[in-house]
Each structure stands twice: as structure tokens, then as C-alpha cells.
């Protein structure tokens, strides 16, 4: 194809076949590029974790609790009432990329475990997401971006807490039937977690929620982890003073039996509707529990069947503590038909028995 001296091209000299081939090659290249883009998008969709939520469906509302590593909000996800926990790993650029990678890896491993949990006494995990520059979360005041160091965990919302329920009934106490029912719910939930090799590590009444039918559900897996096959890998003072087992307070290796100890304290608290060691400082509790075998005082009116469960669970020797499935069996065998709680038979409220505040087991 040649131009004449005036810059025009003669129509009879245009190579239509050559132009057609060039156009075909161009279209082929464009189609290949488009397919690669589509393939990359499909690949991203395939590699998206099954536990990842769609942030566009999440609406975050008011703060309902604050903790060391983040805040808990009311929220709505895809039309369902939820609790949203925003975990902050520190200010932007405060951590090294290696530290953030390690935290993300640990977070991914843990939520993958929670995603597979399904038990009526464990708060239902709905999903999670890690901060990405392109992600936004809907709030009542508009959209907010998600910093790369922010993680979002979404679980079912439950209206009541066990701790506040016990405080509300501090003077009246609970019927023996309700005590055993709440204890069984907690024991069954912990037994299920232990069967999945999960140690909660912060079992306390503040971390237990109640639904509208007063069914207890274990919540707050902020420090929970999959149980290490080597107990020496499970060390550190993790938990809440007053509920922490002696081996944890001492910084010794521990296993799921630390949850059993904490359950024993919770069982006493549910029965008494009272606080363990209210007049002791943190340092006094630590020293007395480890060195003096301090435990909450069991009221004289407490049935021996329940008192024995408490004592076995908070034994100083982890090996002597029962497994949680055995605790479930022990509680199921308790007869609640004749009362036996802090509310004497034929009396609407109050407790006639007297007990001191502290005594060893």
C-alpha cells in the first residue's frame, strides 16, 4: 500500500487481506487480555476465605463494650442483629510488616477454627474480615475505611450477660434448678470447645451471654487458642485474676484444665450470685491462690453433689481435675426437684445459711 505525492492512498492498491489479518491479531490480543483479567478476578473470588464477610452488608452502630485491643459494637449484617468486634493492632506504621504478617496469619488460623464451630452453648460466629485499603464499612454516619491493621469479627448478638444477671439476683439468689441449668450450659459449651482442641483461657461470667430463653452461650474468644500439642507451648498469665488457675498464675505450662479450674469458680459464682475474693487485691489473690490454696467459701447449704463438683474442678493439681465431659455427666445426675439451692424450700427468696467469705478447699 503506497501513498502518492499528494499524501493520498490509491484504493486499488490497499491490501485488504493484510488489514484483515492485522485486525484479527489485534482483536485476538485484546480478547486474551480481557480473559486474563476475568481469570484473575475469578481467582480472587475462589481464594476468598469462606469465613470472610461482605463489608458492604455490614452496618456498625453504637459501642457496647471497650477492651484492651478494640471495641464491641451493635450492628446489622445482611439484615441480622449482630455484635461487631473491631480489633486494632496498633497505629498505622507502628508495627513492622513482619509483625503484621504474623498477626494476620494467626488471625486467619483462629477465625478458620471459629467458623467451623456449631453448638447451642457457643456464640455463633458469622464471619470476619481483615482491613484492606479498598474496603469500607457502613456506619450510621456514613462510610469509614478499614485500616490495614484493623480486623473485624462478627457474631450473633445476644441481649443479656450472665454477670449482670447474677448481680441483679445478688440478694434474691437463683433457684437450684436455674443454677444447675446455667452450669450445664457452660459445661456443655466448654466440653464442646475442648473436643475441638480449643482452650478458651478466659472463662469467667463476664464472657458468658444469655439469650431470650436464658440459654447460656460462651463468648469472647479474644485470647482463646487451639490447644498446643506440647503443654510447654501454652504459657503466660492469660485470663482474669480470680478465675486463673494456679499453674497459669505461676507462669507454668498449662492445658485445657485451666478452663476446668475457671469453670469451678464460675459455678460457685452462679450458685452464690456473689463475687469471689471481693476484698482482696490482685497481688493478694495471686499469692493466696498459689501459696495458700485459697478458694471461695462454699455455703453450708450447698448440696454436696454441687460442692464436690466445685472442689474437684478447682483442685490445685490439674491432673486431678475432671474433664469437662465428666463435669457434664456429674451435673446431669444432680436431682433439682427437691430444691437445695440458696433459696430454701417454701421460701420465695433469701438464704438462711451462713458462710464466711474465704476458706481453702
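The values are calculated or read from the model by the stated rules, or taken from the named source; none is laboratory data. Keep in mind that this is a model prediction, so the values were computed, not measured. So basically every Cβ, Gly included, is an ideal-geometry build from the backbone, and we count neighbours across all protein chains shown.
Data for the structure
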item	result
Meets criteria (farther than 25 Å from residue 168 by Cα, in contact (Cβ under 8 Å) with a residue 40 or more places away in the chain and not assigned by TED's automatic domain parsing to the domain that holds residue 121) for residue 334	yes
Selection count, region 312-322, where residues are surrounded by 15 or more Cβ atoms within 10 Å (Cβ to Cβ) and out of contact with any strand residue (DSSP E or B) (no Cβ under 7 Å at 6 or more places or on another chain)	7
Residue match in region 171-183 (condition: within 28 Å of residue 87 (Cα to Cα), outside the structural domain of residue 59 (by TED's automatic domain parsing) and within 20 Å of the chain's Cα centre (by Cα))	no
Subset of region 158-174 (residues that are assigned to a loop (DSSP other than H, G, I, E, B) and buried (at least 20 other Cβ atoms within 10 Å of the Cβ))	173, 174
Whichever residue in region 66-94 is within 15 Å of residue 53 (Cα to Cα) and touching a helix residue (DSSP H, G or I) at 6+ places or on another chain (Cβ under 7 Å) and, among such residues, is modelled with the lowest pLDDT	78
Wholly enclosed helices (runs of 4 or more DSSP H) of region 250-361 bearing at least 2 residues modelled with pLDDT of 95 or more	257-272, 304-313, 324-332
